[in-house]
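*Asks:* Here it is, the structure, as structure tokens.
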Amino acid sequence: MADILYIVIPCYKEEEVLPETARRLGEKLDQLQRAGRISPESRVLFVNDGSTDRTWSIIQKLHTADKRFSGVDLSRNRGHQNALLAGLMTAKDRCDMAISMDADLQDDIGAVDAMVEQYYAGCDIVYGVRSSRKKDTFFKRFTAEGFYRLMNFLGAETVFNHADYRLMSRRALEGLAQFKEVNLFLRGIVPMIGYPTGTVEYERGERFAGESKYPLKKMLSFAMEGITSLSTKPIRYITLLGFLVFLVSLVMLVYSIVRWAHGDTVIGWASVICSVWAIGGLILLALGVIGEYIGKIYLETKGRLRYLFNEMLDEHEGR
Ligand code: UDP
Ligand code: MG
């Protein structure tokens, strides 16, 4: 018996694309099922993220016409990441593997076959990675690639050019469920789960209808969210800056003593200038140190997983 696949699609005001998306995904399920790669119990799970248009009524109609289309309706708009998590957690108890993708099918659904193959080959997580961004506008490509670089620099390790198009096995989803953090940045969390992983390259297409729900403003807040929810490295840079400023103050000290010795300074200049630099540096340093502790508290409150078992060899039942 083949395994059950759930395709999870977050939808926010996607009335223009949904009917076509559903048609193509239905075909994909048919094809995989005929090839015996997935169980007939497989589903497409739409998550309506509090859309104000007809998105939910379209999902209801799809469900009535074909039970392979299921849906959940969130009480209000919670954002892409939360909608996606809601879908994955719903799929977790019903499927053996779940693939997440966007409603606009910018992620080539042709890559689904390769993902499923890698799943059967033993991968628990298969990342969809864009082979090129030729079809994105220059602005989108530039900002998005800059974003990945900045993220890595600031301590948020993510898979380069991977968005949220990925396959996760049931046990990977169960691992994900144990991350209790509220500030959620899935593509930073998923690599923390571990387990055997694979990647599938695909070409990212254009949105075939409707417009992007990620304008620049949302992209910036998404970047900020990603960095601050994954790492406390920015705090460390404050400490570093404080240290540098303090070093400058030492240089200024030497410089002003030299100037003073030459006798070409106004009385009081040397002491004022040195203390301004020294105090500034010390304040920044102190802020950084306090920040280190706050960062620790922050990470503690997230209560992240410390380990997960891949396998266990022990027949003892325990008490
Ligand atoms: N989305 C969502 N909630 C939101 C914004 C977006 O569920 O608040 C969904 C949207 O319906 C789509 C996916 O997130 O399925 C990606 O959005 P979009 O295609 O607009 O982003 P882009 O591809 O332009 O980055
Ligand atoms: Mg899109």
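Read-outs throughout are calculated quantities, based only on the coordinates presented, and are distinct from any laboratory measurement. Everything quoted here is computed from the prediction, not taken from an experiment. Positions of Cβ are backbone-derived with ideal geometry, glycine not excepted, and every protein chain shown enters the neighbour counts.
*Asks:* Return the total of residues in region 63-86 being more than 16 Å from ligand 2 (Cβ to nearest atom) and touching a Phe, Trp or Tyr at 6+ places or on another chain (Cβ under 9 Å).
*Replies:* Total satisfying the criteria: 7.
*Asks:* Report every pair of residues separated by at least 6 positions or lying on different chains whose Cβ atoms are under 6 Å apart, first residue within region 100-115 and closer than 15 Å to Arg23 by Cα, second within 13 Å of ligand 1 (Cβ to nearest atom) and aliphatic (A, V, I, L, M).
*Replies:* Ala103/Ile9; Ala103/Val17; Asp104/Val17
*Asks:* Could you tell me which residue of region 167-226 is surrounded by the fewest Cβ atoms within 10 Å (Cβ to Cβ), considering only residues that are charged (D, E, K, R) and in a helix (DSSP H, G or I)?
*Replies:* Here the answer is Lys217.
*Asks:* Looking only at region 85-121, which residues are part of a helix (DSSP H, G or I) and among the small types (Gly, Ala, Ser)?
*Replies:* Ala86, Gly87, Ala91, Ala111, Ala114
*Asks:* Something else now. Does region 131-153 contain at least one residue that is touching a residue at least 60 places away in the same chain (Cβ under 8 Å), closer than 21 Å to Thr301 by Cβ and charged (D, E, K, R)?
*Replies:* No; the residues of region 131-153 include none that is touching a residue at least 60 places away in the same chain (Cβ under 8 Å), closer than 21 Å to Thr301 by Cβ and charged (D, E, K, R).
*Asks:* Restricting to region 1-15, give me the number of residues that are hydroxyl-bearing (Ser, Thr, Tyr) and more than 16 Å from ligand 2 (Cβ to nearest atom).
*Replies:* Qualifying residue count, region 1-15: 1.
*Asks:* How many residues, within region 98-155, are in contact with a strand residue (DSSP E or B) (Cβ under 7 Å, 6 or more places away or on another chain), hydrophobic (A, V, I, L, M, F, W, C) and within 13 Å of ligand 1 (Cβ to nearest atom)?
*Replies:* Count: 2.
*Asks:* Tell me, which residue of region 238-270 that is touching a helix residue (DSSP H, G or I) at 6+ places or on another chain (Cβ under 8 Å) and of a type in the set (Ser, Thr, Tyr) is farthest from Phe153 (Cα to Cα)?
*Replies:* Thr265
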